[in-house]
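Notes follow the structure.
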Amino acid sequence: MQPKVKSKKTQIGKSKQKKEFSFPLEKENFMIIGLGIALLIVGYFLMSENSVDGFLPTVVAPILLVAGYCVVIPYGILKKPKSEISSVPEESIQEAETSNIKTS
């Protein structure tokens, strides 16, 4: 007698669960990214000046562009919402309380 094997369709259908989609970026993130884009626009505008020996196109504009591309925009993308930051310590405290390690 052969053992009964469930069909793959029923196993796959039961294992899938509905996952709630939440967009990782919030309003604050978009405002920081917008600030970075504004820095880029100002930097390119200053660089478009026709002076080779000028202070703005040779010093200030590259600093603004590097700050926009390398600091402000990545910070806006990587910044976590406040709700995630405040919930992490509570979970780690609960895990520490349920530890199996005895410290006496």
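Every read-out reported here was derived from the displayed coordinates using simple, explicitly stated rules and does not represent laboratory data. In this text the structure is predicted, and so the values were computed from the model without any measurement. Cβ: placed from backbone, ideal geometry, glycine included. Neighbour counts: every protein chain shown.
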Open item on the list: Viscosity 1.002 mPa s, temperature 20 °C: give me the Stokes-Einstein translational D for region 24-85 in µm²/s, with Rh taken as the Kirkwood radius over C-alpha pairs.
Closed with: 172 µm²/s
Open item on the list: With the cut-off at 32 Å, tell me which of the pairs Lys18/Lys102; Lys79/Lys102; Lys18/Lys79; Lys18/Lys80 have Cα atoms farther apart than that.
Closed with: Lys18/Lys102; Lys79/Lys102
Task: Packing-based exposure ordering (other Cβ within 10 Å, fewest first) of Val66, Val52, Val60 - done: Val52, Val66, Val60
